[in-house]
Every structure is written in C-alpha cells, then in structure tokens.
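To start, the structure under review is shown below, and the notes come after it.
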Amino acid sequence: MVAPRLSPLTLALLAVSCGPAAGPAPAALAPAVVAIPPAPPQEAPARAAVEPAVDPSSPLSLPAAAAGPPPTWVEPPLAAQDRARAHQNPFREHREIAVGEHISIAAANGDVASAAGGPGVFAVHEQLGVVGPLKLPARSTWVGVAAAGAGPTNDALYAATPEGALHRAAGVHDALRPDGFAPRGSVAGATAWDAAGGLVAAAAGERVSVSADGGQRFTEAVVAPGKRVRAVLVRPDGVLAAVVEAPSRGQRPGPPDTFLSLDRGQTWKRSAFQPRSIERAGSWIWNGDATCPAVLSRDGQQWTRAALPDALYDRPRLDGALYLSTAIRAGAAGSFRSAVAPPPPEPPPRGAAAVGREPPCKRDGASGMGGVVGGVWGAYGPACEGALCLLHADPPAPPPTRTWIAAFGDGLCDPARVPPGGACAAHLARPPTFAVVDQLAGAVTPVAAPEGCPQPVALHGAAGVGVLVCRGAGGGAAIFVRGATGPWHAEGTQAIPAEALGPMAAAPDGTLLLRGSTPPASAQGREPLQALVRSPLPLGAAQAWRRVAAPDGVAALPAPGGAALLAISPAASTGGRLELALDRPGRPVLSLVRDVKVYQNLTRMEVRDDGRVRFRVLPKPAPEVPGRPRLPPPGPRDARWHELTRGGELVVEATETPAGPAEERRVGPAGR
C-alpha cells in the first residue's frame, strides 16, 4: 500500500500541531503563527488574433475606402433608357442658312422655324468662334448676313417675319441679346429674301425690292410682268439673279426662267442661259451640280462650264465647326468658304459660254467619291504577349452622364506658324470654344477656353466634369477642370508632357485617372508607367492631383478614395506574371496579389461595381500540328471575362459560358 503524498503545506501544519515526543513542557506555550504567502495572480491567457481564413478561390475585391458623400460635381450615370442620347451631336441636323465674309449661320434642317425645341440657331465667326443661340425676333422665317462696313467683324445679321418686317443686329454679339435685333424697313408680302455684300433683297409678287442702306429704305422693280418671283439671289459684288415662274403648259407648269440684274435690281434682263435649278454658295451663283457645273461668271452675264467645283469644295465651311467632340480641332485662318471666297470664275472664252436651256447632264457613271476614305487596322492588333497586352488597352470609358463637356471645332491657327507636315490644332492662334451640353434637354451653352490655356491639347470628361489638358510652361501638363456650372478651375501643372497623357477613367466616387503614354509591349527596360490621379475633392482644390509611377506597370485604373489600381508585370517574365497593387494617397502601397500566372493574352482590366477585379482574356493562337488543318487565329469574339481570385488565379466569370472540351484544349490550362 502506497502512502498518500502530502503537500509541503500539510506537512508544515502537522509538524506544528504534534510537537516533540518527550521532555518537560515549556512554561508558556505561545500560539504558532504560520505566514502563508499569497499565490501569485494568474494572468488570463492572451487571446490569439485569429484572422478568418481566406478562401483563395474567392474573387479578389478592392478594400473599401472611407465612405463619405461624393463631391457635388459628381453626376450619376444616365438611366438605361436615356443612354441612346449620350454624346450625340445636337447639331447633326443643322445646315448653313446664310454666310457672310467672316460668319456662317446654321439652323436645324436649314430652316429657321425648325430650330425650336433644339439647341437653336447658332453662328460661327472666323475670328470669334461659335456664338449662340441667337435671340431672333419672334416668328422669324429668314436670316441673312450683309456687310456693314470695313473690318473683320463687319457682318450684320438680318431677320424677317412672315409679314415682311425686317430686323437688323449690328454684329453677332448684338444677336445674343433679346433686344439685339432692331426693327428696320419692311417689304409687304415678301416671300423670298437674300443678302450679301451691302445689299438686302426681297421678292414679293412680280417685284424685287433692294436696299443698300441696311434695310431702312427699299427700291423696287418688276422683273417680268405677270410672272411671280419665286427666289432672289444676291452676289456680294451687287449682281442679282431672280427665278420667275413660267406660264403653265397645259396642266404642267413650264420651267422657271432666270433673270439677271447688273445695277442692283433697277433693271432686269432674261439670262441667255437657263439652268434647270439655281442656288448661291458664297459668291457663286450656279446650278449646284458638281458633275455638270454651270456658274455665272464675274461679268454677271455669261455662264461658264469650265469652273471646277473643287475651288468651292476645297474650302471648309465655317458651320462644320458645330460638330461637338472631345478632340481639339482647328482651321487655318483665311481658308474658309465665305461670301467672297472663292470669287466668281472668269468669263468663258469667246464662243464657249453656256446658252439656252440646260440639257440633262450626261454623267459618266462615276460616283464622285473615288479613292479610299479610310483604312483598316490589323484584325488582331499589335503583337504582344500575356500581361504586356494591357499596354495597348484603353481604360474603360466612363458611363455617360446628363452633362457632357465638349469642344467645338472652331479653333484657329496661323498657317505661317504651322511647320510643314504639322497639325494645325497644335499651333493655335485662338483656342476652340467649349460647350456644356445637357444631353436630355438638348441645350448647348458655349463657354470660352480658360485663361492661361492658349494651347489646349486634350479634353476628357467623366462624372459630369470636364478635364482640359493644356500645354503649360516647358511643355508640362496644365490641368483645368469645370462642371456643369461655374467657371474653369486651374488645378496646377504636372511635370509630365501634356501630349503624353492618354484616356481618362473614373471611379464611382469621382476619383479620376489620366494615364500617361506607354511604351511598346516588346520594349526592353521600358520606362515606368505613369498616371495622374485626382482625389474626389471639390473643383479647384489644391493638391487634388498627384503623379503615380509604377516600374514595370502595364495598366492603371482609378479606385475609390483617390487610389490607383496598378497592374505590374515584371520585365523578366515577358508578360507571363502579373501583380496587383493599390497606390493610396498618403499611405504605403498595398500589395493585393502576387505572382499571378498568365497563360493567355490579357486585353483589358476593369473593376466591377462590387469592387471585383476582372480581365478580358484572349486565347493565344493554337500551335500548328503537322498533318492537321490550321485553326484560324482567335478574334475578339473569342475573348472572355475572367475574375481574379485571392489566390492569384484567373477563372471564367460565372456569367460567361464555360468552355467545352475542344475549346479547353485550345485555350489552355484551366481555361485561362
């Protein structure tokens, strides 16, 4: 039997209680006191920081940024039913209705009355740019331009009402005021008008009335007794043409007759040549047929068929500037078609003038549109490998919003400053006019270029804000921004060439990213990928932009909170490896995933609304196998969206149709 083991404390207590076995007892027995030291306090076991297990197969999502209200300038995307209107040119139906020496006026479908409900009637002045919408008198049915004196702004604007009342604006800026058109004279019953040079003419019945004092007084004359004047045309040099209705032949009306006047409409004479139709283009009165042209020559009497329409069509029309886009476009000063350019052609050689009724034109079957008007890029894009293909991809286009900041094509350059082979828009004497476009209402508000930006290089837009990149001092990028309201805001100059900044992308919270130029995918030792990132701050905020540089970077996208998502492919991997990192303002760069194996070509990177990162994957061409038919190279339709997992795998998105066995063999391991 084993005796129980006693603790030291128990043994001590027994020894005190028993005492010695023999001997006399002490005189006084003091009570024994045993000090028991307190037990040391036991520390609670530290709780181990248990992180939730990360499923490597789960989709990679960007970490959430600090939530906050978006800036006031951020506009939500257009609703799906409204997106068809996005970036449509509101001037696509506009046609030139009048032209002066320095100005062109355009209205929808070439009719003043049809301008209601659209952007309105606009003018394009060679020196001043786009101006509008014009404040025409109520119920105007005609608008014209006539010279009002010497100088580059000598074009006066005229408008007439159905009652024949004439109104005049001294210049294009006056035409912007509600009271800018002042009443002048009138021609009762006028059905046709025209103006050029210093003359204004109106047709009423069998008479043509002409004014040489700005429409205050008119003198009238009968063109052809008993024949109604259907149209009157005024050339800037004072030559007039009138089209009169001919008597009916049975139930069919006869062909119209053309009459000419060399003394400002005082006397009229039937033309020796009778064109089948007649119109005026600047200083040309002609039949309007480019295949078989017949043009009234400088003497105002003879018609020539030797005039080449190229002299007319080679000059760009000023109203072409009404096309809205984000491109910076310009024309050379003095190159536009106007009321005096090109001038009327010289008279034909003796005996070569066109006479009699114009016969039907004998066409040679040519369409008049010879030559190749465009080219086709390679079907499969530039050669690249794996992740390096992202260098050729543009970032996703921002979703359209109600407001769009655009540019007119009315920039002006001095031809003497443009080097041989240089682009006119890169050497501006006057920057283009910009526009705030309400894409739902169709309203267009022209705005001037910001001060301090004589040379715009590129215009970008996202989330309802426009970002204008200008060439600053030393060639750096000077940044200006503006929203739907308010002025342009200067946001500093970045030490990166203005021409090197490419497309812009936007995050949902208003973070913007302008990507820098990228080297060829095959370049060895390529320069770092650069980008400018704007945090979602109020417009005009200091230090809103920062520059991000990613060595071996192949793509960059904006992320919420002013961050930039960077895709990096180490040079040694030749596109076979990929890393993702998040560059955040004021914080260390966060590595999201490393060593992603890339088996196929990545043609696009995107961040979904839920923060997941995905790539567009294009299979590589299958290797040739002797004795087997050669498969066609993969095209855009073969590309599929793949999600990136936390474990660094590219897997086909759930919404994509999985590849079949044959496709699996062609695409590669795991469908990557």
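The values are calculated or read from the model by the stated rules, or taken from the named source; none is laboratory data. Since we're looking at a predicted model, the values are computed, not measured. Here the Cβ positions follow ideal geometry from the backbone for every residue, glycine too, while neighbour counts run over all protein chains shown.
Odds and ends about this structure:
- Condition check for Pro360: closer than 25 Å to Ile105 by Cα, at pLDDT below 95 and in a loop (DSSP other than H, G, I, E, B): no
- Sub-7 Å Cβ pairs linking a first residue in the range 311-338 that is surrounded by 22 or more Cβ atoms within 10 Å (Cβ to Cβ) to a second residue that is among the acidic types (Asp, Glu), at least 6 apart or interchain, are Leu318/Glu126; Asp319/Glu96; Ala321/Asp410; Phe336/Glu126; Ser338/Glu101, ordered by first then second residue.
- Residue within the range 171-186 that is touching a strand residue (DSSP E or B) at 6+ places or on another chain (Cβ under 8 Å), under 21 Å from Arg270 (Cβ atoms) and buried (at least 20 other Cβ atoms within 10 Å of the Cβ) present: no
- Here Asp289 fulfils each of the conditions (1) in contact with a Ser or Thr (Cβ under 9 Å, 6 or more places away or on another chain); (2) within 23 Å of Gly356 (Cβ to Cβ); (3) part of a strand (DSSP E or B); (4) of a type in the set (D, E, K, R) apart from (3).
- Long-range neighbours under 6 Å by Cβ, at least six apart or interchain, first residue over 14 Å from Trp286 (Cα atoms) within the range 225-240, second outside any strand (DSSP E or B) and β-branched (Val, Ile, Thr): Val229/Val223; Pro236/Val340
- Qualifying residue in the range 244-263 (condition: crowded, with 22+ Cβ neighbours inside 10 Å, out of contact with any Lys or Arg (no Cβ under 8 Å at 6 or more places or on another chain) and of a type outside the set (Gly, Ala, Ser)): no
- Selected residue (only one of Ser573, Ser535, Ser569, Ser591 is under 23 Å from the mean Cα position of the chain (by Cα) and of a type in the set (S, T, N, Q)): Ser535
- Some residue of the range 416-433 being basic (Lys, Arg), out of contact with any helix residue (DSSP H, G or I) (no Cβ under 7 Å at 6 or more places or on another chain) and farther than 26 Å from Ala332 by Cβ: no
- Those residues of the range 117-168 which are part of a strand (DSSP E or B), among the small types (Gly, Ala, Ser), closer than 23 Å to Pro316 by Cβ and at pLDDT 90 or above, in sequence order: Ala123, Gly129, Gly144, Ala146
- Check on Leu440, of a type in the set (A, V, I, L, M, F, W, C), within 18 Å of His87 (Cα to Cα) and touching a Ser or Thr at 6+ places or on another chain (Cβ under 6 Å): no
- The range 417-467: number of residues that are of a type in the set (Gly, Ala, Ser), assigned to a loop (DSSP other than H, G, I, E, B) and crowded, with 21+ Cβ neighbours inside 10 Å: 3
- Consider the range 507-549 and keep the residues that are farther than 20 Å from Gly466 by Cα, buried (at least 20 other Cβ atoms within 10 Å of the Cβ) and of a type in the set (A, V, I, L, M). The one that is modelled with the lowest pLDDT is Ala521.
- Selection over the range 531-554 of residues that are among the basic types (Lys, Arg) and either free of Cβ contacts under 8 Å to residues at least 24 places away in the same chain or part of a loop (DSSP other than H, G, I, E, B) (or both) gives a count of 0.
- One residue from Ala192, Ala107, Ala146 being touching a residue at least 40 places away in the same chain (Cβ under 8 Å), crowded, with 24+ Cβ neighbours inside 10 Å and closer than 24 Å to Val340 by Cα: Ala146
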